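The values are calculated or read from the model by the stated rules, or taken from the named source; none is laboratory data. This one's a predicted model, so the numbers in the text were calculated from it and none came from an experiment. Ideal geometry is used to build each Cβ from the backbone, glycine not excepted, and the neighbour counts take in all protein chains shown. Heavy atoms of the whole protein, side chains included, go into the accessibility calculation; ligands, DNA and RNA do not. Shrake-Rupley method; radii C 1.70, N 1.55, O 1.52, S 1.80 Å.
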Amino acid sequence: LLRAIPNVVVPVPQGAFYLLPDISHYFGRRTPAGETIASAEALCVHLLSEYKVALVPGEAFGAPSTLRISYAATKDNILDAITKLSECLRALAQ
């Protein structure tokens, strides 16, 4: 699912229950409300407030260009979150 989102780089997980996709391609873009997404943290705040999706910015794990996405959840919850992440990224203006 994540690999279907344009310009999101998804490394193969190394035995953990989370992914750290690189979303830095979207840094510098603006939300429909005009806010600039300058970091993974800014994207996480936007996702939570506008899409009700809680992800962790990669800055906390030494990977500032990524989001931490846990897949220790139900298939329905994962599908919903990835779908909303995709919608969010598509809505960002260059």
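Only Lys, Arg, Asp and Glu count, each charged at its Cβ (+1, +1, -1, -1), so figure out the dipole size of the chain about its Cα centre, rounded to 20 debye.
Values: 8 positive and 8 negative charges, 35 e Å.
Magnitude of the dipole: close to 160 debye.
Taken one residue at a time, the phi angles of segment 26-42 give Karplus couplings (6.51, -1.76, 1.60, θ = phi - 60°) of 8, 5, x, 7, 10, 6, x, 7, x, 6, 8, 8, 9, 7, 5, 4, 4 Hz. Gly and Pro are set to x. The value of relative contact order for the chain, using C-alpha pairs under 8 Å at least six residues apart, is 30 percent. Heavy atoms of the protein chains alone define the surface here; on that basis the chain has 59 Å² accessible area per residue at 1.4 Å probe size.
Within the accessible surface of the chain, defined with a 1.4 Å probe on protein heavy atoms only, the carbon and sulfur portion equals 56 percent. Positive end of the dipole of segment 1-87 (Cβ unit charges, origin at the Cα centre): among 83, 56, 31, the Cα lying farthest that way belongs to 83. Taking amide H atoms as placed 1.01 Å from N in the peptide plane, the amide H of residue 71 lies under 5 Å from those of 18, 19, each 5 or more residues away in sequence or on another chain.
Whole-Hz Karplus values for segment 77-94 come out as 5, 5, 4, 4, 5, 5, 4, 5, 4, 4, 4, 4, 5, 5, 7, 6, 8, 6 Hz, taken residue by residue from phi with 6.51 cos²θ - 1.76 cosθ + 1.60 and θ = phi - 60°; glycine and proline positions read x. Counting only the backbone N, which residues of segment 1-42 are under 14 Å from the spot 7 Å out from the Cα of residue 75 toward its beta-carbon? Under cut-off, by backbone N: 1.
Each stretch of four or more DSSP H residues adds -39500 (n - 2.57); spread over every residue of the chain, this sum gives -8000 deg cm²/dmol at 222 nm. Comparing Cα centroids, segment 32-61 and segment 1-17 end up 18 angstrom apart. Taking amide H atoms as placed 1.01 Å from N in the peptide plane, the amide H of residue 56 lies under 5 Å from those of 68, each 5 or more residues away in sequence or on another chain. P(r) tail for the chain: Cα pairs beyond 16 Å make up 51% of the total.
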